[in-house]
Amino acid sequence: MSSTATPPASRRWIALALIALAQFTVIMDTSIIGVALPKIQEDLGFTQEGLSWVFNAYVVVFGGLLLLGGRLSDLLGARRMFGLGWLILAAGSLVAGLAQNPAAELAGRGVQGAGAALIAPSALTLLMMLFGSDPKELTKAFAFYGAAAPAGGTAGVFLGGLITEYASWPWVFYINIPIALLALAAAPALLPGGRAQRGSIDLLGALTATLGLAAAVFAIVRAAEVGWAAPATWGTLLGAAVLIAAFLALQAKRANPLMPLAIFRAPNLGAANLAQLLLGAAWIPMWFFLNLYLQQVLDFSAFPSGAALLPMTALIMIGMVALAPRLMARFGAKAMVITGLVLLAGGLFWLSFIRPDGTFAADVLPASLLAALGMALAFIPSLQLAISSARPEQGGLASGIVNTGYQIGSALGLAVITALAVANGAADIGDKPALTDGFSTAFTAAATLALAAALLAALTLRPTKTNP
């Protein structure tokens, strides 16, 4: 098979399994460290403030470099960047697992994020190369790909609890290494190579975008400690705004920018990307604070806490694979995005009524299942609208943009909602009523974001033709 050949139809679905594994892994790496954080703090000497950067170092680098990853995928070939991303992710995982101090740990997490930033957009580009010629098959492929994201997030919580309880925390990083070796071995036989294109690489654009995002997250995370009115908070936010403005100015002036602003003229790309950003801003905080409520208020240990999220994950996967494609074919993508976001908001508002003496069956299960159904119905249509609106030669760029939107939304949404939750009692460990008040505030804020996303989608998304 030549380097540019597309695998036979019988092998495309096996190739999709490899692409879904990539999505599963990069999302798993955002969540698998959650349960292990107290042990990492104890062994490596992190401060309470610094500990949050074990999560943020990965997400910020991941989100900040996704546009560069998409551009490299278009210029140098998606399969090549897919393989390079796995090599970098494995190297970062090894560094993070072997770390003996906070600096080494954060460096490893940052390298992991850089690898993920190459894997994610190239995986979506490869999916479009394999299935883009058949709309019905493309919808099915997006459903399987989309289901891998929540599966990875919940598996991360579950595996993180299992590994931390029965092995040791470095294995939450080492688990990536055999997965990377499997992906590297399978990719040449299963994935199309694609042809390289001419063009330059905007490294300055990538640097300003990444630093701007990092500064914004840093300012919001620290605001809970130093205060929103503190000069350090506003000074850092101003610096973030300057960097992001510089990034946009560079993109407007450069002949070969990292993110050509003209791409947003494509119907629905900007609107669908905004929906993905707000979806991440609502969904990731829900997962984060639901796990804390289970452990710190309902007294679940690490392993049962992860297991408690499995019904939600199962419903998301069923919804994405079996339900969302059929409903999207009948009612159109726009209707499904709006409906899904409204259901997600309803589930989050329901979760805001959690009680200090609550139970899993009454306070968590029904509301989380409603939110999961909303996620399942909104994620796939908004993702497909964003990716399919771009020209084929800009598939990697469109993939990078939509992944960036979701990751930036996740990072900033979690930072803002964490600050709100802490201000309302979420930091009072041991005081269950105060913790519950803080977590309830977080769910209310996330619900508000989901509802705002539904309204914006109704106003900005264009209707699309349904599949016959």
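The values are calculated or read from the model by the stated rules, or taken from the named source; none is laboratory data. On a predicted model such as this, the values are computed, not experimentally measured, just so you know. Please note: Cβ atoms are built from the backbone with ideal geometry, for glycine as well, and neighbour counts cover all protein chains shown.
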Note on the range 319-342: residues modelled with pLDDT under 90 and either crowded, with 23+ Cβ neighbours inside 10 Å or in contact with an Asp or Glu (Cβ under 9 Å, 6 or more places away or on another chain) (or both) are G319, M320, A324, P325, M328, A333
Within the range 41-56, restricting attention to residues that are surrounded by 15 or more Cβ atoms within 10 Å (Cβ to Cβ) and in a loop (DSSP other than H, G, I, E, B), which residue is modelled with the highest pLDDT?
F46
More than 28 Å from L191 (Cα to Cα) and either among the aliphatic types (A, V, I, L, M) or in contact (Cβ under 8 Å) with a residue 40 or more places away in the chain (or both): is that true of G70 in this structure?
no
Failed item, numbered, when I163 is tested on (1) crowded, with 24+ Cβ neighbours inside 10 Å; (2) out of contact with any Ser or Thr (no Cβ under 9 Å at 6 or more places or on another chain); (3) among the β-branched types (V, I, T):
(1)
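Quick check: anything in the range 181-198 closer than 25 Å to G280 by Cβ, part of a loop (DSSP other than H, G, I, E, B) and at pLDDT 85 or above?
Filtering the range 181-198 for residues closer than 25 Å to G280 by Cβ gives 183.
Those left that are additionally part of a loop (DSSP other than H, G, I, E, B): none.
No, the conditions are met nowhere in the range 181-198.
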Within the range 203-225, is even one residue of a type in the set (A, V, I, L, M), out of contact with any His (no Cβ under 8 Å at 6 or more places or on another chain), modelled with pLDDT of 75 or more and more than 30 Å from G153 (Cβ to Cβ)?
yes
Would you call L278 buried (at least 24 other Cβ atoms within 10 Å of the Cβ), within 19 Å of P381 (Cα to Cα) and within 15 Å of the chain's Cα centre (by Cα)?
yes
Which one of these does W169 not meet: (1) in the same structural domain as V416 (by TED's automatic domain parsing); (2) in a helix (DSSP H, G or I); (3) not hydroxyl-bearing (S, T, Y)?
(2)
Top-ranked residue in the range 226-235 [being modelled with pLDDT of 85 or more and among the small types (G, A, S); ranked as farthest from V61 (Cα to Cα)]
A230
Tally the residues that are within 22 Å of S440 (Cα to Cα), crowded, with 23+ Cβ neighbours inside 10 Å and modelled with pLDDT of 85 or more, restricting the search to the range 295-318.
1
Taking the condition of being within 19 Å of G152 (Cβ to Cβ) and either touching a Gly at 6+ places or on another chain (Cβ under 7 Å) or in a loop (DSSP other than H, G, I, E, B) (or both), how many residues in the range 311-339 meet it?
1
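Taking only the range 423-437 into account, find how many residues are small (G, A, S), part of a helix (DSSP H, G or I) and surrounded by fewer than 24 Cβ atoms within 10 Å (Cβ to Cβ). Lay out the reasoning, then the answer.
Narrowing the range 423-437 to residues small (G, A, S): 423, 425-427, 430, 434.
Then drop every residue that is not part of a helix (DSSP H, G or I), which leaves 423, 425-426, 434.
Those still in the list that are surrounded by fewer than 24 Cβ atoms within 10 Å (Cβ to Cβ) too: 423, 425, 434.
Residues meeting the conditions: 3.
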Can you find a residue that is surrounded by fewer than 20 Cβ atoms within 10 Å (Cβ to Cβ), modelled with pLDDT under 95, in the same structural domain as A151 (by TED's automatic domain parsing) and outside any helix (DSSP H, G or I) anywhere in the range 343-353?
no
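Table: residues versus (1) in contact with a Pro (Cβ under 9 Å, 6 or more places away or on another chain); (2) among the acidic types (D, E).
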position	(1), (2)
T47	yes, no
L51	yes, no
F62	no, no
L65	no, no
A78	yes, no
A91	no, no
E105	no, yes
A117	no, no
Among the residues listed as A411, A434, A371, the single one being among the aliphatic types (A, V, I, L, M) and modelled with pLDDT under 80:
A411
